[in-house]
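The values are calculated or read from the model by the stated rules, or taken from the named source; none is laboratory data. Being a predicted model, the structure only gives us computed values, none of them experimental. Cβ atoms come from the backbone with ideal geometry, glycine included; neighbour counts cover every protein chain shown. Accessible surface is based on the protein model in full, side chains and every heavy atom, while ligands, DNA and RNA are left aside. Shrake-Rupley method; radii C 1.70, N 1.55, O 1.52, S 1.80 Å.
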Amino acid sequence: LVIDTLSPEMDAKHELHNRIEAARDPSHAESLRLTTFLQMFDECGLEILRQTMKRRQRSFNQWMLRAGLQPKHKRYQETRKLLEDSIPGDRAGYSPVVHGDDILIVHNEGMFLLARGAE
């Protein structure tokens, strides 16, 4: 079973999406695209028994607090600026909507139930 956040397919959105994730959490390696997951499963000989996509809306402020970052923290401010700058045209794939002093964002999540394919 694999459950993970999916990055946008378009290169520019994918790059900015991962830049925002890394600004929030420098240990972040990379959010993968759906097509990357599918190719990886195929290359590993894994069969997808079930695949589901969910759009999980969350509060930006709460997302940052989960990372231990308060609004006064430099990484919080940098991440928020990157996200705010991405709002026109949804340039990072978060579908952001300003909601008072918060921003509602969406994480696209893929869930894959896998099995070894026939050899």
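Computed values, structure above
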| item | result |
| --- | --- |
| Of residues in the range 62-95 being hydrophobic (A, V, I, L, M, F, W, C) and either assigned to a loop (DSSP other than H, G, I, E, B) or in contact (Cβ under 8 Å) with a residue 60 or more places away in the chain (or both), the one surrounded by the most Cβ atoms within 10 Å (Cβ to Cβ) | Ala92 |
| Complete set of residues in the range 96-119 that are open to solvent by 80 Å² or more (accessible area, probe 1.4 Å) and more than 24 Å from Asp4 (Cα to Cα) | Val98, His99, Asp101, Ala118, Glu119 |
| Residue in the range 26-39 that is in contact (Cβ under 8 Å) with a residue 12 or more places away in the chain, crowded, with 17+ Cβ neighbours inside 10 Å and basic (Lys, Arg) present | yes |
| Residue under evaluation Pro71, criteria (1) over 17 Å from the mean Cα position of the chain (by Cα); (2) closer than 16 Å to Asp25 by Cβ, criterion not met | (2) |
| Options Ser7, Ser59: the member that is surrounded by 18 or more Cβ atoms within 10 Å (Cβ to Cβ), in contact (Cβ under 8 Å) with a residue 40 or more places away in the chain and of a type in the set (Gly, Ala, Ser) | Ser7 |
| Qualifying residues in the range 15-25 (those that are touching an Asp or Glu at 6+ places or on another chain (Cβ under 9 Å) and without any contact (Cβ under 8 Å) to a residue 24 or more places away in the chain) - the one farthest from Gly110 (Cα to Cα) | Ala22 |
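Listed here are the residues, each with its yes/no results for (1) among the hydroxyl-bearing types (Ser, Thr, Tyr); (2) over 15 Å from Arg19 (Cα atoms).
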| residue | (1), (2) |
| --- | --- |
| Lys54 | no, yes |
| Ser59 | yes, yes |
| Trp63 | no, yes |
| Glu78 | no, no |
| Glu84 | no, no |
| Ile87 | no, no |
| Ile105 | no, yes |
